[in-house]
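Presented below is the structure to which this report refers.
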Amino acid sequence: MADKKAKDDTTQNMGKSFTLTDNQSGKQYNLPVIEGSTGPDVIDVRRLYADTDHFTYDPGFTSTGSCESKVTFIDGDKGILRYRGFDINDLAEHSDFMGICYLLLYGELPNKDQKKKFVHDVTYHTLLQEQISVFYQGFRRDSHPMAIMCGVVGALSAFYHDSTDINNPRHRMIASYRLIAKMPTIAAYAYKYSIGQPFVYPRNDLKYSENFLHMMYATPCEDYKVNPVLARAMDRILILHADHEQNASTSTVRLAGSSGANPFACIAAGIASLWGPAHGGANEAVLNMLEEIGSKDRIPEFIKRAKDKDDPFRLMGFGHRVYKNYDPRAKVMEHTCHEVLDELGVKDEPLLELAMELERIALEDEYFVAKKLYPNVDFYSGIIFRAMGIPTSMFTVLFAVARTVGWVAQWNEMIEDPSQKIGRPRQLYTGHTKRKYVPLHARV
Ligand code: CMC
């Protein structure tokens, strides 16, 4: 992670432009077009307001690029996802999660020595300041673990003052390592707290995913051996969720960080945004939906509801803002799901069968075909988590554990970007124009 570095020449204005005509005055404006290394070109509207006195209007940002980034690339039409140029399928098959963390943070795959040092450095940040465990006691036992995550991660800034100077690259690096290292500990503690078991301290002789599963399931009463197939599956799930360019939570982290807020506060903001059912909360919602559907013969009824504009019900785990093709992560997830169920000796898991049938019917339905609605990453992940014994309310927490590295990589990239400014969108105001104040006694 370098200090503010000079912009390189990847972003080029190739001399292309768009001409905008004001039909009233007849004036024409030339808007430069910027080309990235791959993917659609962008129209540079930064001078639009100054030159034309108009803003762009794009609620939901369906046509707006909010930043320049070198971290993750998605081609939604072709179903392609790459971290730092590497295909997600290759990474999920050949790398482990720590290798992905290094790649996302530093832009390159680590060599042996770099990997060893990185794993060592991150691992030695897994322990939480002891007072933080007391902090949990303030939450109700039945708190949603995502509520605990928002609170505890935000509170880290009150405990680790020595890594909150965002202009100091070393502080940023330490904060990034701390967040990646401590997130599984915070998540496992949230689970242990909810079931009334003692917290299990991290074990630095275990790998990242093993350590997480150990903190989730071990108790002080007996030895607990982590199943290596489940640890590998967990690692793969973390890889698949590690980053996804400028989604809602990542954009939230960037926006919070653009004001100069400290990294722990920014990641807590990201966790809050992830919680919603349209985003990371979908994995929990998929399981709830499958349970509500209950049996294959009720699928048509729910498909009908999903298509009904007057019914707020949506097929959870289906559709994506960017993918208009099969989400490449969903395929790996389905494969991992079968692996986990085989390992656990679960035959004919009714929810998996229901999910596969629902997918089959939806993919043949004209509504879903026409709108290009395919299963997304959340469609199968819940079934794997459930088979591993993870309660539904923890599903989105696992997403947050995995996405933390993406958030910090994007946050670092933003701070190092010399063109970075505070994020401050404008609006189309449609409220009252100027009104005269009416004193209380004169109001009707
Ligand atoms: N079920 C039924 N209809 C849907 C669905 C769905 N799951 N998703 C989209 N549509 C329809 C929607 O009603 C709209 O129809 P119309 O054009 O007639 O108004 C059309 O498809 C386009 O949908 P949109 O809401 O305008 O698209 P969006 O890009 O704003 O929303 C989404 C994307 C992911 C929020 C949405 O597809 C959705 O709500 N899916 C279910 C929740 C879910 O699975 N979320 C996880 C996303 S992947 C992981 C992550 O990002 O965290």
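What follows is calculated from the coordinates using simple rules that are stated; it is not laboratory data. Please read these numbers as outputs of a predicted model, since none were measured by experiment. Positions of Cβ are backbone-derived with ideal geometry, glycine not excepted, and every protein chain shown enters the neighbour counts.
Sort 60-68, 150-158, 125-133 for me by packing, meaning the mean count of neighbouring Cβ atoms within 10 Å per residue, highest on top. All intermediate terms of the calculation are to be shown ahead of the outcome.
Working: 60-68: 13.0, 150-158: 20.3, 125-133: 16.3.
Taking the mean over residues of other Cβ atoms within 10 Å, the ranking is 150-158, 125-133, 60-68.
Once backbone amide H atoms are built at 1.01 Å from N, Gly85 has Phe73 as its partners under 5 Å, excluding neighbours fewer than 5 places away on the same chain.
Can you tell me what percent of all Cα-Cα pairs in segment 255-337 are more than 21 Å apart? Don't skip to the end; give the middle numbers.
Working: 1639 of 3403 pairs.
Above the 21 Å cut-off, segment 255-337 has 48 percent of its Cα pairs.
Derived value for the chain: Kirkwood hydrodynamic radius 23.8 Å. Basis is the mean of 1/r over every pair of different alpha-carbon atoms.
Pick out, from Val340, Ile239, Leu358, the residue whose Cα sits farthest towards the positive end of the charge dipole of the chain, with +1 on the Cβ of Lys and Arg and -1 on the Cβ of Asp and Glu. Highest projection toward the positive end goes to Ile239. A Gaussian network model of the chain, with springs between Cα atoms under 10 Å, assigns the largest mean-square fluctuation among Arg140, Arg426, Arg360 to Arg426. Name the residue, out of Pro202, Pro220, Pro263, whose mean-square fluctuation peaks in a Gaussian network model built on the chain with Cα pairs under 10 Å. The residue that fluctuates most here is Pro220. Note the angle between two axes, namely the Cα long axis of helix 145-155 and the longest principal axis of the Cα atoms of the chain, as a number of degrees from 0 to 90, rounded to the nearest 10. Taking the Cα atoms of the chain, the angle to 145-155 is about 70 degrees. The residues Trp407, Trp275, when put in order of fewest to most other Cβ atoms within 10 Å, stand as Trp275, Trp407. Inverting the pair-averaged 1/r between distinct Cα atoms of segment 379-438 gives 16.4 Å as its Kirkwood hydrodynamic radius. Charge dipole of segment 256-355 (Cα centre as origin; +1 on each Lys and Arg Cβ, -1 on each Asp and Glu Cβ, all else neutral): 600 debye, rounded to the nearest 20.
Amide H to amide H, with H built 1.01 Å from N, Lys16 comes under 5 Å of Val33, counting only residues 5 or more places away or on other chains. Rounded to the nearest 10 degrees, the angle from helix 169-195 to the longest Cα principal axis of the chain is 50 degrees. Shown in residue order for segment 77-88 are the 3J(HN,Hα) couplings computed by the Karplus curve 6.51 cos²θ - 1.76 cosθ + 1.60 at θ = phi - 60°: 6, 9, x, 10, 9, 10, 9, 6, x, 9, 5, 4 Hz (x for Gly and Pro). The phi-based Karplus calculation (6.51 cos²θ - 1.76 cosθ + 1.60; θ = phi - 60°) puts the 3J(HN,Hα) values of segment 210-224 at 4, 4, 4, 5, 5, 5, 6, 10, 6, 10, x, 7, 8, 5, 10 Hz, whole numbers, x for Gly and Pro. For the chain, averaging the sequence separation of C-alpha pairs within contact (under 8 Å, six or more residues apart) and dividing by the residue count gives a relative contact order of 20 percent. The alpha-carbon of Lys16 sits under 13 angstrom from the alpha-carbons of these aspartates and glutamates, leaving out residues fewer than 8 places away in its chain: Glu35, Asp41, Asp44. When each of the peptides 281-293, 38-50, 364-376 is scored by how many other beta carbons lie within 10 Å of its residues on average, the order from highest to lowest is 281-293, 364-376, 38-50. In terms of its C-alpha gyration tensor, segment 302-427 has an oblate overall shape, because the principal axis ratio a/c (a ≥ b ≥ c, square roots of the eigenvalues) is not below 1.5 and a/b does not outweigh b/c.
Taking a straight Cα-Cα cut-off under 22 Å and skipping sequence neighbours fewer than 8 places away in the same chain, the lysines within cross-link reach of Lys324 are Lys78, Lys304, Lys307, Lys309, Lys371, Lys372.
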